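**Q** Here you go, one structure.
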Amino acid sequence: MKALLRAVRMVGALLVAALFAVVQGGCGAEFGGGRGLVDFPPNVWMERWESIAPGVCKGWLTNNGSHTARDVHVYFWYRTAQGDTALAVGPSSGSIEPYAHVPIFVPPQITDGELRFPALGNITWACGSSFVPGDPAPAPNNLGYSCLLSPDSARVHIQNDQGLAYHVVLNVETETGVTQIPLLQNPVGRLWSDARNCPPSYASGCDGWGVFHMAVRDSAGIKLLPTFVSVRWENYAGVADSLLPPYGWPYAFGEYGVSACSR
């Protein structure tokens, strides 16, 4: 999904660049003479969150265009007792130079007393806006890439490449019943991730990966994981969702044995 969103954004940037190349008046009149072979209009993305603390969240914006993005506004969604509300904020200067990174600061979302990042909405600037507005709802996927950490325990990866998922729990069935295994990372998602959690064998991007640690059982010398039941998570507002196993997951989840981790 992350690769698809990147591709969509790139196609959008190319389409917008083509339109700017033929526009002679209005917004297009101020563009031209870019720094590269291709003259890209402003294109502002939310790159990532950096930190969260009482009263403030810090994130980073990037202008991937070859022209200055002016009058930049980023919309964030909050869940309150009165319902959903949007907050529009911008960088301190109001503009972002070509290929520059600038910080942005917003209040945290508070859900059941817990500090969380607000949901990312649309990003706008003079004569433009996000080709893909906001981040879609979290949707953990790619459960698998399992390996043995020790003779008795294994590491299992999962990826959430859109939105932020909080309190992700893997429900597994063991010999003693259903057990809940919490993800070691909270939250997990494209805008808040650690590349060190990326599976060594995965080659399509390292955003939004997290890991579970769990016990394994021995069956005639073969190390087996417990049976996968479901994954559960919450979004920024505390709304819960879950996922049942689709076809093909048991194999990816290590149904036929797990080997040692390469790192």
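**Q** Report the chymotrypsin sites (Phe, Trp or Tyr not before Pro) located in segment 140-221 that are in a DSSP loop and have at most 15 other Cβ atoms inside 10 Å of their Cβ, or state none.
**A** Working: sites: TYR145, TYR166, TRP192, TYR202, TRP209, PHE212; in loops: TYR202.
In loop regions of segment 140-221 (DSSP not H, G, I, E or B), the sparsely surrounded chymotrypsin sites (Phe, Trp or Tyr not before Pro) are TYR202.
**Q** Write down, largest first, the equivalent ellipsoid semi-axes of segment 134-263 in whole Å, where each equals the square root of 5 times an eigenvalue of the alpha-carbon gyration tensor.
**A** On the way: eigenvalues 119, 56, 27 Å².
That gives 24, 17, 12 Å for the three semi-axes.
**Q** Oh, and also: Classify segment 151-191 as rounded, prolate or oblate from the Cα gyration tensor: take a ≥ b ≥ c as the square roots of its eigenvalues, call it rounded if a/c is under 1.5, otherwise prolate when a/b beats b/c and oblate if not.
**A** Working: a/c = 3.11, a/b = 1.98, b/c = 1.57.
Here segment 151-191 falls in the prolate category.
**Q** Between ALA220 and ILE110, what is 0.36 nm times their sequence separation minus the Cα-Cα distance? Round to one decimal in nm. If you can, show how the numbers build up before the last one.
**A** Details: separation 110, 0.36 × 110 = 39.60 nm, distance 4.96 nm.
Gain in length upon complete extension: 34.6 nm.
**Q** For segment 40-100, what are the per-bin percents of Cα-Cα distances with bins 10 Å wide, up to the bin holding the maximum?
**A** 20, 46, 26, 8, 0
**Q** Further question on the same structure: Between ALA139 and ARG263, what is the label-to-label distance in nm when each label sits 7 Å out along the Cα-to-Cβ direction?
**A** Each label point is offset 7 Å from its Cα along the Cβ direction, giving 3.0 nm.
**Q** Here is a follow-up. Within 10 Å of each candidate Cβ there may be at most 11 other Cβ atoms; applying that plus a DSSP loop requirement, which chymotrypsin sites (Phe, Trp or Tyr not before Pro) in segment 41-129 survive?
**A** Working: sites: TRP45, TRP49, TRP60, TYR75, PHE76, TRP77, TYR78, TYR99, PHE105, TRP125; in loops: TYR99.
The qualifying sites: there are none.
**Q** Could you give the nm distance between label points at GLU97 and THR174, where each point is 7 Å from its Cα heading toward the beta carbon?
**A** 5.6 nm
Just so you know, all these numbers are worked out from the coordinates, no wet-lab data involved. On a predicted model such as this, the values are computed, not experimentally measured, just so you know. In this analysis, Cβ positions are derived from the backbone assuming ideal geometry, glycine residues included, and neighbour counts consider all displayed protein chains.
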